[in-house]
């Protein structure tokens, strides 16, 4: 009698994957939980609350918009867990409404505590001293009133266009002379800040809609206001690239404008409105089939981030100044000399992103540098990286910049940077029409004597000086000729579609990265079947790819011990007997956003060990990263860098129990218990030196504390 197929038996026993969208909502719930964490200062808790709000906005504008489009077009494309678009939208609506209710509850509590600490958001009916009333009235008349355009809603006035994320006030008013009711719409101008700060030492803020309501008699003289309701819309903001687009730049310039007029996806309005308001909202969204929610509280929770800028260091995290790598200082600030001596890894934000900028600035000013090639996915608005590339081009060097136009919500900024670079003489390339260039690579070619040497930077994060202060990422610098040749091959593939026949160090999406990863997992399976220890550690932002998840299930069934640190979406279902019982998944959410992608394979021994195979990458484990993006995966061979990435970064992430959540087999996340040995990985890295960038400074100081990992069962 033939043996039953164990994989088919598992598939028949229940769902093998968690839904991607619901997993993301779970992640945003963890972000919201940090807003209630008493270990965080009050304004930092408010920051987490606003992040959860902005995250949810983007989720609706992109992910939900995509599902809604599938539903409206009768596309029966099921998720990996078997749900139709309609089923997913129903589940999302339920979970998102609960999440928003939680946000309002958190805001009520934070508002109460902030008031107790001298930070007040003034409500419409709060009494104010006469001098404050006079100041506010003057502010309204001079700064707000001239910009407002009330519009009557009647057959003679068509409903006006409201931009994405636009806030509007509906007023039900009555003319005092003849008691005639009138409906008015006031779109809040996006050019005016959501909050105005009143003069004085005490932090007192008033929301724009509160100010308008407070002085509505000045806006509608001769009318009595009977009702006012604030509402907000979210529109489809994804840009779908048309295959026949002949000019990518022109297409994106047009698409960015069209995005502002996308289909209404979400309608949020204050609860308790009258039937007339309900009719108005239905008329406004007719044909859009938008999801609607009544909010009992603050509409547009993400806008509360404006209050975080208040100068109250006592209500924020203790200021942290990142270290500049001592290895660079030992060489008198000469980045090339330091990298030429030995590979170096820089751990952001604990070590300054300034070193990446210094690397490019030195390349721009060095007369021996002949060429610079750089990928740009997100560079920020005030980018020193762009300035360095412009300086290099103006100095006569050959400079190539791969600017990714498809970086969502950064398309417009990237178009501006591309224009500035082209004006300076930089060769700007936009990569592939169908794929995003997501790899973070910089290479500098320098004349040294009679030969040329290539210096490379490989990053797990973007060349973005602002996010580099709050995202944990790795910057790897090397002068290894193999890495230089591989980097050149990647750029040639992007700029000239020249597919590399073989690479010496790197694996690259969409060509070889997926198979390289599968081969590494298969090697661990072979180790355990040969009776050797088999282990896999991996850190990433998202785990979605079904084929890779199946490979991990196979490894678990073979006896490979797997620990995954997945900050956000995780579709893998851990801890299921006969399927994933040897897989553990945790998520770290804290002061910094865990963003680095690091993978380690035991290679026949327990992790960590000197012979482990360690890799850094720009890719998460998602279909898009393997199949529709240009990504890289790089082995770490230098012993010191190997120790830092494996024994420091990965071990610290696994040890953390103060800001970590464990994923259970039923899809719920539970916060770790600190027990007798609390460990916060962010605090550890803020207070302890790294290994790679310290050089002689490390030898002349106390050793880095040795981290020891006790296995979780």
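The values are calculated or read from the model by the stated rules, or taken from the named source; none is laboratory data. Computed from a predicted structure; not experimentally measured. Using ideal geometry, Cβ is built from the backbone for each residue, glycine included, and neighbour counts are taken over all protein chains shown.
A few remarks follow.
- The listed residue being within 22 Å of the chain's Cα centre (by Cα) and either farther than 23 Å from residue 488 by Cβ or surrounded by fewer than 18 Cβ atoms within 10 Å (Cβ to Cβ) (or both), out of 376, 416: 416
- Scanning segment 439-487 for residues that are within 19 Å of residue 649 (Cβ to Cβ) and part of a strand (DSSP E or B) yields 440, 457, 458, 459, 471, 472, 473, 474, 475, 476, 477, 478.
- Listing of helices (runs of 4 or more DSSP H) fully contained in segment 1-112 that carry 3 or more residues being at pLDDT 90 or above and under 23 Å from the mean Cα position of the chain (by Cα): 20-34, 42-59
One line per residue, one yes/no per condition, for (1) more than 30 Å from residue 153 (Cβ to Cβ); (2) in contact with a strand residue (DSSP E or B) (Cβ under 7 Å, 6 or more places away or on another chain); (3) not in a loop (DSSP other than H, G, I, E, B):
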| residue | (1), (2), (3) |
| --- | --- |
| 278 | no, no, yes |
| 333 | yes, no, no |
| 338 | yes, yes, yes |
| 345 | yes, yes, yes |
| 373 | yes, yes, yes |
| 378 | yes, no, no |
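- Single residue of segment 151-180 satisfying the filter (surrounded by 16 or more Cβ atoms within 10 Å (Cβ to Cβ) and in a loop (DSSP other than H, G, I, E, B)) that is modelled with the lowest pLDDT: 153
- Residues located in segment 673-713, provided they are modelled with pLDDT of 90 or more and surrounded by 15 or more Cβ atoms within 10 Å (Cβ to Cβ): 679, 680, 681, 682, 683, 684, 685, 686
- Residue list for segment 316-346, restricted to those being under 23 Å from the mean Cα position of the chain (by Cα) and closer than 14 Å to residue 457 by Cβ: 345, 346
A quick yes/no check of all residues on (1) under 19 Å from the mean Cα position of the chain (by Cα); (2) in contact (Cβ under 8 Å) with a residue 24 or more places away in the chain:
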position: 434; (1), (2): no, yes
position: 439; (1), (2): yes, yes
position: 449; (1), (2): no, no
position: 453; (1), (2): no, yes
position: 465; (1), (2): yes, yes
position: 475; (1), (2): yes, yes
position: 478; (1), (2): no, yes
position: 488; (1), (2): no, yes
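- Residues being assigned to a loop (DSSP other than H, G, I, E, B), at pLDDT 70 or above and farther than 16 Å from residue 166 by Cβ - total across segment 238-276: 5
- Any chance residue 606 is in contact with a helix residue (DSSP H, G or I) (Cβ under 6 Å, 6 or more places away or on another chain) and not assigned by TED's automatic domain parsing to the domain that holds residue 474: no
- Every residue from segment 488-523 that is part of a helix (DSSP H, G or I), assigned by TED's automatic domain parsing to the domain that holds residue 626 and more than 23 Å from residue 582 (Cα to Cα): 513
- Hey, residue 604 within 30 Å of residue 330 (Cα to Cα) and assigned to a loop (DSSP other than H, G, I, E, B) or not: no
- Of 296, 305, 311, all but one fail to be free of Cβ contacts under 8 Å to residues at least 24 places away in the same chain and in the same structural domain as residue 198 (by TED's automatic domain parsing); the exception is 311.
- Scan of segment 609-625 for residues that are buried (at least 24 other Cβ atoms within 10 Å of the Cβ) and outside any strand (DSSP E or B), ordered by number: 618, 619, 625
A quick yes/no check of all residues on (1) surrounded by fewer than 19 Cβ atoms within 10 Å (Cβ to Cβ); (2) modelled with pLDDT of 95 or more; (3) under 16 Å from residue 351 (Cβ atoms); (4) in contact with a strand residue (DSSP E or B) (Cβ under 9 Å, 6 or more places away or on another chain):
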site	(1), (2), (3), (4)
463	no, no, yes, yes
473	no, yes, yes, yes
478	no, yes, no, yes
482	yes, yes, no, no
495	yes, no, no, yes
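- Residues that are free of Cβ contacts under 8 Å to residues at least 24 places away in the same chain, in the same structural domain as residue 462 (by TED's automatic domain parsing) and assigned to a helix (DSSP H, G or I) are absent from segment 393-412 altogether.
- Breaking point among (1) without any contact (Cβ under 8 Å) to a residue 60 or more places away in the chain; (2) buried (at least 18 other Cβ atoms within 10 Å of the Cβ); (3) not in a loop (DSSP other than H, G, I, E, B), for residue 670: (2)
- Some residue of segment 125-142 being touching a helix residue (DSSP H, G or I) at 6+ places or on another chain (Cβ under 6 Å) and at pLDDT below 95: no
- Applying the criterion of being in contact (Cβ under 8 Å) with a residue 40 or more places away in the chain and crowded, with 22+ Cβ neighbours inside 10 Å to the residues of segment 554-565, the residue that is farthest from residue 38 (Cα to Cα) is 563.
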